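In what follows, a single structure is set out as structure tokens and then discussed.
The values are calculated or read from the model by the stated rules, or taken from the named source; none is laboratory data. Bear in mind that the values here come from a model prediction, so they are computed numbers and not experimental data. Note that we place each Cβ from the backbone using ideal geometry, even for glycine, and neighbour counts take in every protein chain shown. In case anyone asks, the SASA skips ligands and DNA or RNA and just uses the protein heavy atoms, side chains included. Shrake-Rupley method; radii C 1.70, N 1.55, O 1.52, S 1.80 Å.
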Amino acid sequence: MNENLFASFTTPTMMGLPIVILIVMFPSVLFPSPNRLINNRLISLQQWLLQLTSKQMLTIHNNKGQTWALMLMSLILFIGSTNLLGLLPHSFTPTTQLSMNLGMAIPLWAGTVVTGFRYKTKASLAHFLPQGTPLPLIPMLVIIETISLFIQPMALAVRLTANITAGHLLIHLIGGATLALMNISTSVAFITFIILVLLTILEFAVALIQAYVFTLLVSLYLHDNT
């Protein structure tokens with residue numbers, strides 16, 4: 001119980017060198033490319049889920065937006081697999097690091113904004129000033145809309161970081177409480193263990209939902225700019 005509560009969020013090292021790059025690259029091993037005429041059940045299930053997700057996410061896009069399909073599917077696979085692997089014991093979740101999430105959010109957000117200014121210049125500039133705005137409020141609204149635009153990548157990164165970190169902390173706290181209560185009251189420890197199991201199942205769902213939400217918001221930003 002004397003362990004630091006945030007010890008699981010520290011960057012792992014091996015021989016004094018950080019191994020985050022290896023951890024980030026590991027999920028790609030779990031998604032092999034099909035090289036046979038008839039796929040096995042695992043690859044067939046993987047392709048079915050990808051087709052279902054891409055169909056749901058890309059139906060609102062035009063031809064320019066659909067060119068981002070590979071990027072969006074790679075993003076949701078990476079975040080989802082990273083979140084799920086982080087739930088394993090003695091593992092590390094890169095998506096609990098705000099720096100990494102900002103590293104994903106800022107380039108994707110900037111790409112959608114640049115795309116909007118390139119192909120829909122007038123419509124993108126019109127977002128800064130709603131139609132029918134009174135003349136005295138124009139400077140204030142332009143400043144507010146500009147700030148809200150630059151807050152979008154921060155909101156993406158903070159939402160993912162906060163949800164994943166909060167879930168890991170809850171599991172850590174309830175797991176520690178279960179171990180402490182085993183020597184005091186077995187019945188209460190059993191109840192907390194059931195809560196821990198239910199929370200773990202919930203975290204599996206949250207890991208997938210947060211990957212979908214992150215990718216969906218990037219898709220909506222892209223839809224607004226294409």
> What residue, among those in region 178-199 that are open to solvent by less than 40 Å² (accessible area, probe 1.4 Å) and in contact with a Leu (Cβ under 8 Å, 6 or more places away or on another chain), is farthest from Leu108 (Cα to Cα)?
Replying inline: Ala189
>> Please verify whether Ile60 is more than 18 Å from the chain's Cα centre (by Cα) and in contact (Cβ under 8 Å) with a residue 12 or more places away in the chain, treating the condition exactly as stated.
In response: yes
> Could you list, in sequence order, the residues of region 66-120 that are in contact with a Gly (Cβ under 9 Å, 6 or more places away or on another chain) and among the aromatic types (Phe, Trp, Tyr)?
Replying inline: Trp68, Phe92
> Do we find a residue being under 30 Å from Phe128 (Cα atoms), open to solvent by 40 Å² or more (accessible area, probe 1.4 Å) and without any contact (Cβ under 8 Å) to a residue 60 or more places away in the chain anywhere in region 209-217?
Replying inline: yes
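Going through Leu160, Leu156, Leu169 one at a time, which residue ends up being within 30 Å of Ile106 (Cβ to Cβ), out of contact with any helix residue (DSSP H, G or I) (no Cβ under 7 Å at 6 or more places or on another chain) and hydrophobic (A, V, I, L, M, F, W, C)?
Only one candidate passes the filter, namely Leu169.
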> Restricting attention to region 142-161, does a residue exist that is surrounded by 13 or more Cβ atoms within 10 Å (Cβ to Cβ), farther than 27 Å from Pro94 by Cα and without any contact (Cβ under 8 Å) to a residue 40 or more places away in the chain?
Replying inline: yes
>> Just the residues that are open to solvent by less than 30 Å² (accessible area, probe 1.4 Å), among the β-branched types (Val, Ile, Thr) and farther than 15 Å from Val24 by Cα, please, taken from region 78-116.
In response: Thr112, Val113, Thr115
>> Quick test of your reading of the structure: Met57 fulfils all but one of (1) within 19 Å of Leu208 (Cβ to Cβ); (2) open to solvent by 50 Å² or more (accessible area, probe 1.4 Å); (3) at pLDDT 75 or above. Name the failing condition by number.
In response: (2)
> When you look at Leu129, is it surrounded by 11 or more Cβ atoms within 10 Å (Cβ to Cβ), at pLDDT 85 or above, over 30 Å from Leu84 (Cβ atoms) and not β-branched (Val, Ile, Thr), yes or no?
Replying inline: no
